[in-house]
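Report on the structure given below.
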Amino acid sequence: MIIRNRTTPEHLGNRPRSSRTGRSTLCTLALSLALGVAEAQTGPGSSYGATVSGADLMDVDLMFIGAHPDDDGGVSGTFARYVLDGGLKATVITLTGGEGGGNATGPETGRALGLIRQEEERRSLSMLGVDSPHFLGLQDFYFTLSAEETQQKWGGQQFVCDVVRLVRLRRPEVLVTMWPGPGTHGQHQMAARAATLAFNAAGDSRYCPELAAEGIKPFTPLKLYYYPPTAEAATVAVPTDDVSRSARLRYADLKSVAQFNYRSQGWDTTNTLPARSASPETFMLVGSRIPTPEKETSLLDGVFAAQTGSPASVRLSARSVSYDIGLEQPSDVTVTFTNAGPADLTGLTLTVSVPDGWRVSGAAAPRTVRAGETVTETVQVTAPAGAPADRTALTVRYAAQQAGQPITGRSATSVRPVPAVVAQFTPTFDIAGYQAFARETGTEWVAGSLPTRLPLVLGTPTPVRVTVTNRTAAPASGPLSLTLPAGITAGPLPSYTLKPGESQELTVTLIATAAALPAGRQSTLVPLSLTAGTFSDVASAYLLPSLTIGRLSAPPVIDGDLSDLGQAAGSAIGPADLWWRTRPDSPADASANFKLAYDDEYLYAGLNVKDELVACNIAPDDVKAQLRSDAIGITVDPGGNSRDTSTTLMAAAFPCTTAGFGARGFRDADARQGPMETTAPGMQVASRRVDGGYDIEFRIPWASMPARPKEGDTLGLNIVMYDGDAADARPGANISQSGLAWASFSWGGKQAVPYLWPRVTLGR
């Protein structure tokens, strides 16, 4: 057992709290008092002598931290409930101005668009009672799913101290943010990671020490929530189907009306009154320094009002020394208890409850905890042999006496018992980066068994790396086994022989065939599992199409006539290759046959697109963001090994504009966006209206790409189709309805994760 005492700790700098309910009912009294004080202290020779500081004007109860204006959409109804009707105060930190996004209402872009989007957010939030948001001014660049690229563009980690500054100034008890792991926008990931770091360290003066020169004191928030990555991960649901007392609307309706303001994002055309649905807003509790009920009903549970049997002045948290713990090996769990109240507590006991068959040792004897004192106790938990390698919740409870009355409360932490030998698919760089962040911040349980991604090119043997670790003090050896879906086979499986504590990287060769594809699809995602001994790991295998294309002896004419590409290699995409929104009704509604070829100077692509209603709502001088209307995208990773789109060329074209039929080309979502004439000199596009749709051709210069491939090289290349069936769409409106792709996975993957693009080899 290890016990440490800290009296009047720095993180108790949080100011004393009284209940915030009733704040709104005291507005008139407070205003009168303030005016009276000011009047009494004005005049010759007088000075304002009140004890309330200007910093107190900054004080809030809740804070949302996001990357772009409108990221607060998932907390809008909750803010309305707590601020308009609950008398609390809230604010929002938005890291960028949103200037890198699309504009559904006009031609404004760049900084001008950012100013518009900031105003949209201010107006939306003001309708929810939030009147002082903050914009940090970080660069909102092109669409990315890379946290690593985002951090590089933002100049490293310094922006985290800008978030910490606002947390210390605004002093929120509750932080809400986005999901910090792969699978979403890279800037969303970094906003959530900054919020997590601020939650952990804003109360520590050693973190961002330069802020002390500004006279800012450390402040420790009490709770941290993420937008949940899955419905199952949510721990609390805030209803929106009841009526706001202040607004006389359902919270869902109030949220919908407030979000009408996000016009540049097209939300004014999709939001309705009444709202189409009134689903609850869900959140996942990630960190808490206060006792919480087993089933939360509010983000504020335990913050200002006492929970069942536990005063609001108690702080309680627990953390395991590591998320993964060995079977039959004692592992430390540290429990931290703070008496933030004005009186001593007596007879304090801290206990850790574990599942049947587990053991706990090292609990301390009852003791007195003085007012303002913090106590930490470390106990050891031991998982039995055979315990499943799943996330296991450990419940932490305290019991004490306050003025002779019993008080008690609970919190929780999580561990995962693992056996002696652990075999795991070696994660891709993005999964590994998030796992490292989660370990460093004590949120590894949130990442859980986030599967790594394995791109498997159809018909091509793919080496897959596996890491095997021996966690014991004895040698270990044995075979590996794989569970594979139909259509995927493995070469000979290696065995492992490990010294005590040793890790070894092995290679397994997998071959995926078209037999693994569902009917009508060119790509798919399937799970694989790897087993060593009693431990199994799961990976997501992304099955990618491939093509060898020929070198042309004579260049085709880029005129929309595809006949001079008739002998080129190609493939097709159809309704089953959906990655975005609504599946097309039929191949006649949305599908395409395409051809690819190349020569020394250019890559060529020609598509015959089936589309019963071709929308021409983009102005000729507004060619950007192909997602808004009917369009074709050609994404090219010329080196075949890009980690993000900064080293790719993302070409796109609208087949027609408000001026009539005739393609307009541009680059989008890569490091050089804009019309093709300035961003890809030599690029040409052309289109023709044909029965049932349109034909469109691309000529993309190798010279405009970050690398220049040669004959025999294999590059990443995806064909992406956008469809919007709105005959009367206003110019520039976002009419996105369906998205298809040659390799089509979840939102963004078809476009912004180059290692998930199909493989194209430059043949003879």
Does any residue in segment 59-70 that is open to solvent by 10 Å² or more (accessible area, probe 1.4 Å) come within less than 6 Å, Cβ to Cβ, of a residue that is in a strand (DSSP E or B) six or more places away or on a different chain, and which pairs are these? His68/Thr96
Would you call Arg397 open to solvent by 50 Å² or more (accessible area, probe 1.4 Å), closer than 30 Å to Pro545 by Cα and assigned to a strand (DSSP E or B)? no
Only residues that are modelled with pLDDT of 95 or more and open to solvent by less than 60 Å² (accessible area, probe 1.4 Å): list them for segment 261-281, please. Asn261, Tyr262, Ala278, Glu281
Could you tell me which of the residues Thr582, Thr658, Thr635 is of a type in the set (Val, Ile, Thr) and either free of Cβ contacts under 8 Å to residues at least 12 places away in the same chain or surrounded by 23 or more Cβ atoms within 10 Å (Cβ to Cβ) (or both)? Thr635
Can you pull out every residue in segment 514-553 that is part of a loop (DSSP other than H, G, I, E, B), more than 21 Å from Asn608 (Cβ to Cβ) and open to solvent by less than 70 Å² (accessible area, probe 1.4 Å)? Leu517, Pro518, Gly533
Failed condition for Ser76, given (1) within 26 Å of Ala733 (Cβ to Cβ); (2) in contact (Cβ under 8 Å) with a residue 40 or more places away in the chain; (3) surrounded by fewer than 19 Cβ atoms within 10 Å (Cβ to Cβ): (3)
What do you reckon, is Ala569 at pLDDT 95 or above, open to solvent by 10 Å² or more (accessible area, probe 1.4 Å) and either touching a Leu at 6+ places or on another chain (Cβ under 8 Å) or of a type outside the set (Phe, Trp, Tyr) (or both)? yes
Residue under question is Arg168, and the condition is that it be more than 22 Å from Phe260 (Cα to Cα) and either part of a helix (DSSP H, G or I) or touching a strand residue (DSSP E or B) at 6+ places or on another chain (Cβ under 9 Å) (or both); does it hold? yes
Just one of Asp600, Asp630, Asp564 is open to solvent by less than 20 Å² (accessible area, probe 1.4 Å) and either touching a strand residue (DSSP E or B) at 6+ places or on another chain (Cβ under 6 Å) or over 30 Å from Pro485 (Cα atoms) (or both); which is it? Asp630
So which residues in segment 235-260 are under 26 Å from Arg193 (Cβ atoms) and open to solvent by 30 Å² or more (accessible area, probe 1.4 Å)? Thr235, Ala237
Exactly one of Thr524, Thr489, Thr497 is touching a Pro at 6+ places or on another chain (Cβ under 7 Å) and hydroxyl-bearing (Ser, Thr, Tyr), and that one is Thr524
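Each row is one residue, and each column tells you yes or no for (1) charged (D, E, K, R); (2) in a loop (DSSP other than H, G, I, E, B).
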site: Ala191; (1), (2): no, no
site: Ala194; (1), (2): no, no
site: Arg206; (1), (2): yes, yes
site: Ala213; (1), (2): no, no
site: Phe219; (1), (2): no, yes
site: Leu224; (1), (2): no, no
site: Ala237; (1), (2): no, no
site: Ser246; (1), (2): no, yes
Please verify whether segment 491-499 includes one or more residues that are within 29 Å of Glu149 (Cα to Cα) and not β-branched (Val, Ile, Thr). no
Per-region count, segment 191-214, residues surrounded by fewer than 24 Cβ atoms within 10 Å (Cβ to Cβ) and among the aromatic types (Phe, Trp, Tyr): 1
Could you list, in sequence order, the residues of segment 167-190 that are over 10 Å from the mean Cα position of the chain (by Cα), over 23 Å from Ser298 (Cβ atoms) and open to solvent by less than 20 Å² (accessible area, probe 1.4 Å)? Arg168
Segment 63-83 - residue that is hydrophobic (A, V, I, L, M, F, W, C) and touching a helix residue (DSSP H, G or I) at 6+ places or on another chain (Cβ under 8 Å) and, of those, farthest from Gln139 (Cα to Cα): Ala80
For segment 324-372, what are the residues that are among the aromatic types (Phe, Trp, Tyr) and open to solvent by 20 Å² or more (accessible area, probe 1.4 Å)? Trp358
Taking Thr460 as the residue in question, decide whether it is on the phi < 0 side of the Ramachandran plot, part of a loop (DSSP other than H, G, I, E, B) and at pLDDT 95 or above. yes
Name the strands (runs of 3 or more DSSP E) wholly inside segment 313-391 in which the number of residues that are of a type outside the set (Val, Ile, Thr), under 23 Å from Thr441 (Cβ atoms) and out of contact with any helix residue (DSSP H, G or I) (no Cβ under 8 Å at 6 or more places or on another chain) is 3 or more. 314-320, 331-339
Which pairs turn up if I take residues in segment 285-306 that are over 21 Å from Thr413 (Cβ atoms) and without any contact (Cβ under 8 Å) to a residue 40 or more places away in the chain and look for partners that are part of a loop (DSSP other than H, G, I, E, B) and open to solvent by less than 40 Å² (accessible area, probe 1.4 Å) with beta carbon separation below 6 Å, at least 6 apart in sequence or on another chain? Ala306/Ala312
Would you please list the contacts, defined by Cβ atoms under 6 Å and residues six or more apart or on different chains, that run from a residue in segment 674-696 that is small (Gly, Ala, Ser) to a residue that is at pLDDT 95 or above and in a helix (DSSP H, G or I)? Ala680/Ser704
When every residue in segment 74-94 that is in contact with a strand residue (DSSP E or B) (Cβ under 9 Å, 6 or more places away or on another chain) and not in a helix (DSSP H, G or I) is compared, the one farthest from Met58 (Cα to Cα) is Thr94
Kindly check whether there is at least one residue in segment 292-299 that is surrounded by 15 or more Cβ atoms within 10 Å (Cβ to Cβ) and not in a loop (DSSP other than H, G, I, E, B). no
Residue in segment 436-454 that is surrounded by fewer than 14 Cβ atoms within 10 Å (Cβ to Cβ) and without any contact (Cβ under 8 Å) to a residue 12 or more places away in the chain present: yes
Is it the case that segment 48-57 has a residue that's within 28 Å of Val163 (Cβ to Cβ), at pLDDT 50 or above and surrounded by 13 or more Cβ atoms within 10 Å (Cβ to Cβ)? yes
Six or more apart or on different chains, Cβ atoms under 6 Å: show the pairs whose first residue is in segment 160-184 and on the phi > 0 side of the Ramachandran plot and of a type outside the set (Ser, Thr, Tyr) and whose second is open to solvent by less than 10 Å² (accessible area, probe 1.4 Å) and part of a loop (DSSP other than H, G, I, E, B). Arg171/Phe219
Under the condition of being surrounded by fewer than 24 Cβ atoms within 10 Å (Cβ to Cβ) and touching a Pro at 6+ places or on another chain (Cβ under 8 Å), which residue from segment 716-755 is farthest from Thr269 (Cα to Cα)? Tyr755
Can you tell me which residue is nearest to Asp61 (Cα to Cα) among those in segment 95-139 that are open to solvent by less than 10 Å² (accessible area, probe 1.4 Å) and not in a helix (DSSP H, G or I)? Val130
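The values are calculated or read from the model by the stated rules, or taken from the named source; none is laboratory data. This one's a predicted model, so the numbers in the text were calculated from it and none came from an experiment. We place every Cβ from the backbone using ideal geometry, glycine too, and count neighbours over all the protein chains shown. In case anyone asks, the SASA skips ligands and DNA or RNA and just uses the protein heavy atoms, side chains included. Shrake-Rupley method; radii C 1.70, N 1.55, O 1.52, S 1.80 Å.
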